[in-house]
Amino acid sequence: MEQRGGKERSQHRESQDQADEVRRTIEKLQTLKDLQPELFAFEDGLASKIASAGRMKFNQIRKFFGHVKNLESKIKGKKGSEKIDPEFKRELDLLIPELVYGVARDVVDEKFYRVMEVCIRQKIKTFEDFERFVEFLTAIIAYYKYKEKRG
């Protein structure tokens with residue numbers, strides 16, 4: 001029994017380290033459009049690593065994703081390299097308190113929140129950046145669900 005607990009702690013620490021690696025990788029980018037799909041789309045990529053980082057309620061991630069998709073629907077027809085406007089940025093920034101509330105309720109992992117915070121506050125400057133954010137978040141959700149099903 002003791003061995004199992006130690007193994008679980010070790011796996012949790014490793015996944016937390018991976019989440020920190022994801023955050024550091026994103027912090028090094030100029031903008032989010034620089035996050036190439038080959039860095040996050042595959043099973044050993046950034047999306048899979050953040051999906052393994054902690055325990056979250058899938059419903060909370062899905063709810064957050066729904067709000068992101070609603071924002072995406074508002075930018076149809078905008079040019080990718082066009083800077084996001086202040087109103088859109090305000091709506092985007094309001095996603096942060098939603099995540100903080102989830103962390104406070106222990107339904108959103110803090111490492112996931114920290115990665116999303118870096119993306120939203122520092123790396124989304126154009127509509128193209130936002131589109132890449134949606135792709136990245138979609139991949140995180142896909143891997144989270146995949147890992148949840150596999151146990």
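The values are calculated or read from the model by the stated rules, or taken from the named source; none is laboratory data. These numbers were taken from a predicted model, which means no experiment stands behind them. As a convention, Cβ positions derive from the backbone with ideal geometry for all residues, glycine included, and neighbour counts pool all protein chains shown. Surface accessibility is based on the protein's heavy atoms, side chains included, excluding ligands, DNA and RNA. Shrake-Rupley method; radii C 1.70, N 1.55, O 1.52, S 1.80 Å.
Numerical summary
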| item | result |
| --- | --- |
| Residue within region 84-95 that is open to solvent by 20 Å² or more (accessible area, probe 1.4 Å), among the hydrophobic types (A, V, I, L, M, F, W, C) and in contact with a strand residue (DSSP E or B) (Cβ under 8 Å, 6 or more places away or on another chain) present | yes |
| Scope region 106-115; condition touching a Leu at 6+ places or on another chain (Cβ under 9 Å) and in contact (Cβ under 8 Å) with a residue 40 or more places away in the chain; matching residues | 108, 112, 115 |
| Qualifying residue in region 131-150 (condition: of a type outside the set (S, T, N, Q) and more than 23 Å from residue 21 (Cβ to Cβ)) | yes |
| Scope region 117-145; condition in a helix (DSSP H, G or I) and either free of Cβ contacts under 8 Å to residues at least 24 places away in the same chain or basic (Lys, Arg) (or both); matching residues | 117, 121, 123, 132, 145 |
| Positions within region 19-58 being at pLDDT below 85 and either in a helix (DSSP H, G or I) or open to solvent by 60 Å² or more (accessible area, probe 1.4 Å) (or both), in sequence order | 55, 57, 58 |
| Candidate set from region 101-151 (those that are small (Gly, Ala, Ser) and open to solvent by 70 Å² or more (accessible area, probe 1.4 Å)); member that is farthest from residue 32 (Cα to Cα) | 151 |
| Test for residue 91: is it within 16 Å of residue 26 (Cβ to Cβ), in a helix (DSSP H, G or I) and at pLDDT 95 or above | no |
